[in-house]
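The values are calculated or read from the model by the stated rules, or taken from the named source; none is laboratory data. Keep in mind the model is a prediction, meaning the values are calculated, not measured. Note that we place each Cβ from the backbone using ideal geometry, even for glycine, and neighbour counts take in every protein chain shown. Keep in mind that these areas ignore ligands, DNA and RNA; they rest on the heavy atoms of the full protein, side chains included. Shrake-Rupley method; radii C 1.70, N 1.55, O 1.52, S 1.80 Å.
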Amino acid sequence: MKKETKSLVFYIAMPLIVGALSALFTMGAMKDFALINKPPLSPPAWLFPVVWTILYVLMGIASYLVSKEKNSDLALLFYTVQLFFNFLWSIIFFNFQNYLFAFVWLVALWILILVTTVLFWRLNKTAGLLMIPYLLWVTFAGYLNFAIYLLN
């Protein structure tokens, strides 16, 4: 396998692994989640892993593109921090069922994603564009999270 292909696979694998670990750690809480009150526009449960897989692949491609640019350290640092926040949000929300704190955490995550997206955009326009669906989905997740807090 060529060096560039290995690098691309690595960058795509990182968010997928983070997502898989998060799903593994929260799997036991899904029964409880199925029983809580949910707001209008709540997607069916099967849609979440599909969307997240697509978003993680897009994020991985974006981070790969940025990694090839000069002066990408700050952008990749923010990317890594937001990925860590992403990982912990699921545990706070599903396992601890602390919906208000999870919402506050999600707002911080959203800000980190926005900063990451801007930094990516400055280095590589395509990478910045690839982050926009993630930012939009987390915005929607914010609506769901806050509404779940209010309803439960």
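Of note:
- Positions within segment 23-44 being outside any helix (DSSP H, G or I) and open to solvent by less than 80 Å² (accessible area, probe 1.4 Å), in sequence order: 36, 38, 39, 42, 43, 44
- For residue 9, the stated conditions hold: it is free of Cβ contacts under 8 Å to residues at least 24 places away in the same chain, among the β-branched types (Val, Ile, Thr) and farther than 17 Å from residue 137 by Cβ.
- Residue that is of a type outside the set (Gly, Ala, Ser), part of a helix (DSSP H, G or I), closer than 22 Å to residue 144 by Cα and open to solvent by 60 Å² or more (accessible area, probe 1.4 Å), where the choices are 94, 48, 10, 101: 101
- Residue in segment 60-82 that is among the small types (Gly, Ala, Ser) and more than 20 Å from residue 11 (Cα to Cα) present: no
- Considering segment 55-69, and only residues there that are under 14 Å from residue 119 (Cα atoms) and hydrophobic (A, V, I, L, M, F, W, C), the residue that is nearest to the chain's Cα centre (by Cα) turns out to be 59.
- Within segment 68-87, not a single residue is open to solvent by less than 80 Å² (accessible area, probe 1.4 Å), in a helix (DSSP H, G or I), in contact (Cβ under 8 Å) with a residue 24 or more places away in the chain and over 25 Å from residue 7 (Cα atoms).
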